[in-house]
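Peer 1: Here's a structure for you.
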Amino acid sequence: MTRGTILSVDAMGGDHAPGVIVDGVALFVKERPDTKILLFGDEAALTPLVHAHSGLTERCEIIHCDHKITSDMKPSQALRRGKGSSMWNALEAVKEGRADASVSAGNTGALMAISMLVLRKMDGVHRPAMTAIWPTLAGRSVVLDVGANIEADAAQLVSFAIMGEAYARATLGKDRPTIGLLNIGSEEMKGHDEVREAHEMLRNSDLNLDYRGFVEGDDISMGAVDVVVTDGFTGNVALKTGEGVARMLGTRVREALTKSLVTKAGAVLAASGLNQLREQMNPSNANGGVLLGLGGVSVKSHGGTDARGFATACRLAADLATSHYPEEVAANLARIQQKGAPAG
């Protein structure tokens, strides 16, 4: 008899912790009856929150931690002072095999630093990459890196493609995800040396990847490919720009539909379509970034998420923990090393 999936949760990380975190966990366990939660944080604060949800006590174990990683703590400080915190202990549970994946809405830089120290990197991975799920006209796409690495050389971009492809298969349900390299144009002479070199490596590899070549910024939201590969600087700028445009459009649509009695009447008639659009643009439905390339699953939830968004991040962690993602990545990285190419 299997024990089911176990998630370790940093209950003290995030703008609205611990209340939103516990509410999100409660939503998640209702849809995943085979999942249990290790909840790391202040026991005195967490106990009444857990008891407020019917049935959650039986599915959740509270593990007391004396302190937490604050939002203003630098990664170097988190490494020096973070041991014993709710974030650190949640990751330790994954390392020790007591949990299958960890979820935190806490300090991003601290989470990246502690995750790499506690979980270590997979063999063949020089630098892990942070992912984002991007809503598109075709459904959803994976974009990486979105902030873990300011720069990336050709070999690292190739490793991002390998990890992103396996991640997309595990989370998007695509048997053979398509991959594109983000560039300033689709022509082969465009872009800097690292991008062009990575393009040649991917195009001529025998990794059985469905590589489609260069994609441009507007191709991301169109869903031209399932996996968009770039360095962390470019990916983070693209992500923040996309989020800003989505908020701007949402504000402008609300203003337009409430401007007069006529537009209000039109909004009532179009309510079904508008609700569908709102759902597609709701960040809670795509919350959760994964630091790919580590020896365990560490999921970063948006710090300002609501309960629904945190439940989405938990769902992502559980899906990835039960996938074959690590084995697929390890196999392709080994093939690159055997060919003599430097690992990413």
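Peer 1: Report Rg (one decimal) and Dmax (nearest whole number) for the stretch 126-286, counting Cα atoms only, units Å.
Peer 2: Answer for the stretch 126-286, Rg first and Dmax second: 18.1, 61 Å.
Peer 1: Let me ask something else about it. Can you figure out the FRET efficiency of residue 15 with residue 327, using R₀ = 35 Å and their beta-carbon distance, to the nearest 0.05?
Peer 2: Once the sixth-power term is evaluated, E becomes 0.45.
Peer 1: In addition: Say we join alpha carbon atoms closer than 10 Å with springs in a Gaussian network model of the chain; which of 287, 208, 236 then has the biggest fluctuation?
Peer 2: Looking only at 287, 208, 236, the largest GNM fluctuation is found for 208.
Peer 1: Taking every DSSP beta bridge that has both residues in the chain, what percent is antiparallel when rounded to the nearest 5?
Peer 2: 30
Peer 1: Right, something else. Which three semi-axes in whole Å describe the equivalent ellipsoid of the stretch 15-66, each the square root of 5 times a Cα gyration tensor eigenvalue, listed largest first?
Peer 2: 17, 12, 10
Peer 1: Something else about it: Stokes-Einstein diffusion coefficient for the stretch 1-155 at 37 °C in a medium of 0.692 mPa s, Rh from the Kirkwood formula over Cα pairs: what value in µm²/s?
Peer 2: 197
Peer 1: Could I ask something else about it? Under the rule of at least 5 residues apart or a separate chain, name every residue whose amide H is placed under 5 Å from the amide H of residue 63.
Peer 2: 39, 40, 41
Peer 1: Mind pulling the per residue volume of the convex hull built on the Cα atoms of the stretch 23-110? Å³ is fine.
Peer 2: Cα convex hull per residue, to the nearest whole number: 98 Å³.
Peer 1: Could you check the simple spin-label distance between residue 66 and residue 254, using points 7 Å along Cα→Cβ, in nm with one decimal?
Peer 2: 4.5
Peer 1: Would you order 192, 53 from fewest to most other beta-carbon atoms within 10 Å of each residue's own beta-carbon?
Peer 2: 192, 53
Peer 1: Shifting gears a bit: For 56, 157, what's the fewest-to-most ordering of other Cβ within 10 Å of each Cβ?
Peer 2: Listed from fewest to most nearby Cβ atoms, that is 56, 157.
Peer 1: Would you give the gap between the C-alpha center of the stretch 186-247 and the C-alpha center of the stretch 34-88, rounded to a whole Å?
Peer 2: 37
Peer 1: Kyte-Doolittle cut-off 0.0, length cut-off 27 Å along the helix's own axis using Cα: show which whole DSSP H helices in the chain pass.
Peer 2: 232-257
Peer 1: Bin by bin, in steps of 5 Å, what percent of the Cα pairs in the stretch 134-214 do you find, going until the bin that has the longest distance?
Peer 2: Each 5 Å bin holds this share of Cα pairs: 3, 14, 26, 26, 19, 11, 1.
Peer 1: Another question, if that's okay. How large is the convex hull of the C-alpha atoms of the chain per residue, in Å³?
Peer 2: For the chain, the hull spanned by Cα atoms encloses 155 Å³ per residue.
FYI, it's all coordinate maths here, none of it is from the lab. Keep in mind that this is a model prediction, so the values were computed, not measured. Quick reminder, even Gly has a Cβ in these numbers, built from the backbone with ideal geometry, and neighbours come from all protein chains shown.
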